[in-house]
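Below you'll find the structure, written out as structure tokens, and then a few comments.
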């Protein structure tokens, strides 16, 4: 039987912020297996369409598989309909996948939590897709993963409806820093991505090495 404590997990702090001129999504880079750091350079933000990205938390295998599936399904849907997918359509499709995933019989729980951020002709949107398949539209900010408690404290204190994307990037890094200082499953660096009318852009990508230096 699988040892659930050693199942590869992203541990994780991921977050998304709604700004007046776009969206900011951010995540740390540490993946854990129980108390061991299994990977120090995990990319927890993935682009799934030209103007859409997701952050992932939970069991790595499930998160990776569902990411591949949603990319393929959105591309197929675009071909079949002859038009671009809306963010709401993508969020509903992914939520359905997550709903089916966690209810599938398995020796390892299929836990995957996504935050989807995207832009379409009607605006910029963030959706929280919880591991049970529930779907919520977010109009300010959201965080997921083991470090979300610390991140929420920073976001609650400093968030404003008038934030620009540039301000949102600064806030995202502050929230991630707070989480990485106190959550053992978050760390080793961070990535921050913006979604605006100009598309998806990685604006911050930094690895952190934890070696002691002595002359």
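Computed from the C-beta positions of residue 161 and residue 198 and an R0 of 30 Å, the FRET efficiency is 0.90 to the nearest 0.05.
Highest mean first, the peptides 21-28, 142-149, 182-189, 78-85 sorted by other C-beta atoms within 10 Å per residue fall in the order 21-28, 142-149, 182-189, 78-85. Binning the C-alpha pair distances of the chain at 5 Å intervals from 0 yields a P(r) profile of 1, 8, 16, 20, 20, 16, 10, 5, 2, 1, 0, 0, 0 %, listed from the shortest bin outward. Remark: the residue 89-residue 107 segment gains 3.4 nm on full extension, using 0.36 nm per residue and subtracting the alpha carbon distance.
Sorted largest first, the principal axis extents computed over the alpha-carbon atoms of region 68-194 equal 44, 42, 23 Å. With 0.36 nm allotted per residue and the present C-alpha distance subtracted, the residue 214-residue 33 stretch has 62.2 nm of extension available. Per-residue packing, averaged as other Cβ atoms within 10 Å, sorts the ranges 36-47, 117-128, 55-66 into the order 55-66, 117-128, 36-47, beginning with the highest.
Estimated from helices alone, the mean residue ellipticity of the chain at 222 nm is -10500 deg cm²/dmol (sum of -39500 (n - 2.57) over DSSP H runs with n ≥ 4, per residue).
Mean-square fluctuations from a GNM of the chain, with a 10 angstrom spring cutoff on Cα atoms, peak among 151, 49, 112 at 49.
Quick note: the coordinates plus some simple rules give every number you see, no bench work behind them. Quantities reported herein were computed from a predicted structural model and do not represent experimental measurements. Note that each Cβ is placed from the backbone with ideal geometry, even for glycine, and that neighbours are counted across all protein chains shown.
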